[in-house]
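One structure, pasted below without further comment.
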Amino acid sequence: AAARRAIAWLQRELRAGGGFVAGQTKAQARAADGAYAPLEGQRRVADDRVVGCAMQARDAMADAIVAGASACLVPPVGAVVVSNDRDLCVKCMVEGIAAFGVDEAPQTLDALVAAARRSLEGGVLERAAERARRGTG
């Protein structure tokens, strides 16, 4: 029942197109698989793909901020993962992605946005600026 409510919420958010919730295209998934691959000799698991997607979203938002997209109607703010999978949340947090269990997630949009913005700390914007300088962003 909870999964159905979550999918219904995602569908409504994506349909509304406000920009706060984003999906990942197959092309983006392939790019994330290459860019955010597990270490040599490690087997890729589903968590790796979720973490890669979150890192890709965070990095894309950092690239957008560096490019001057902060004046957009919905400015890029970072990435947040909400899941009851504790292992997944730990992997995300290690990579600097805000991650919460469903019952722990911020209850207001402002608090969620603040958590997402924290995912842009720790040199993420500096790395985005470097990608922009190199033309690889």
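The values are calculated or read from the model by the stated rules, or taken from the named source; none is laboratory data. Not measured: the values here are computed from a predicted model. Neighbour counts are summed over all protein chains in view; Cβ atoms, including those assigned to glycine, are modelled from backbone coordinates with ideal geometry. Keep in mind that these areas ignore ligands, DNA and RNA; they rest on the heavy atoms of the full protein, side chains included. Shrake-Rupley method; radii C 1.70, N 1.55, O 1.52, S 1.80 Å.
For segment 83-97, enumerate the residues that are open to solvent by less than 20 Å² (accessible area, probe 1.4 Å) and outside any helix (DSSP H, G or I).
97
Something else: Consider only pairs whose beta carbons are under 9 Å apart and that are at least six residues apart or on different chains; among these, list those whose first residue lies in segment 77-96 and is of a type in the set (Asp, Glu) and whose second residue is open to solvent by 20 Å² or more (accessible area, probe 1.4 Å).
85/47; 85/50; 87/47; 95/36; 95/55
Filter segment 102-112 for residues that are open to solvent by less than 100 Å² (accessible area, probe 1.4 Å), at pLDDT below 85 and either assigned to a helix (DSSP H, G or I) or of a type in the set (D, E, K, R) (or both) and give the result.
Within segment 102-112, just 112 meets the criteria.
Considering 115, 128, which residue is more than 24 Å from residue 17 (Cβ to Cβ), of a type outside the set (Lys, Arg), touching a residue at least 24 places away in the same chain (Cβ under 8 Å) and surrounded by 17 or more Cβ atoms within 10 Å (Cβ to Cβ)?
Numbers: 115 fails: more than 24 Å from residue 17 (Cβ to Cβ).
After ruling out the rest, the residue left standing is 128.
Output the number of the condition that residue 24 fails; it satisfies all remaining conditions of (1) modelled with pLDDT of 85 or more; (2) touching a helix residue (DSSP H, G or I) at 6+ places or on another chain (Cβ under 6 Å); (3) not in a helix (DSSP H, G or I).
Tallying (1) modelled with pLDDT of 85 or more; (2) touching a helix residue (DSSP H, G or I) at 6+ places or on another chain (Cβ under 6 Å); (3) not in a helix (DSSP H, G or I), residue 24 fails exactly one: (1).
Outside any helix (DSSP H, G or I) and either at pLDDT 85 or above or open to solvent by 80 Å² or more (accessible area, probe 1.4 Å) (or both): does that describe residue 43?
Answer is yes for this residue.
Within segment 62-85, does at least one residue satisfy the condition of being at pLDDT 85 or above, more than 17 Å from residue 28 (Cβ to Cβ) and in contact with a Ser or Thr (Cβ under 9 Å, 6 or more places away or on another chain)?
Among the residues of segment 62-85, at least one is at pLDDT 85 or above, more than 17 Å from residue 28 (Cβ to Cβ) and in contact with a Ser or Thr (Cβ under 9 Å, 6 or more places away or on another chain), which makes the answer yes.
Open to solvent by less than 40 Å² (accessible area, probe 1.4 Å), touching a Leu at 6+ places or on another chain (Cβ under 8 Å) and not charged (D, E, K, R): does that describe residue 57?
It is false that residue 57 is open to solvent by less than 40 Å² (accessible area, probe 1.4 Å), touching a Leu at 6+ places or on another chain (Cβ under 8 Å) and not charged (D, E, K, R).
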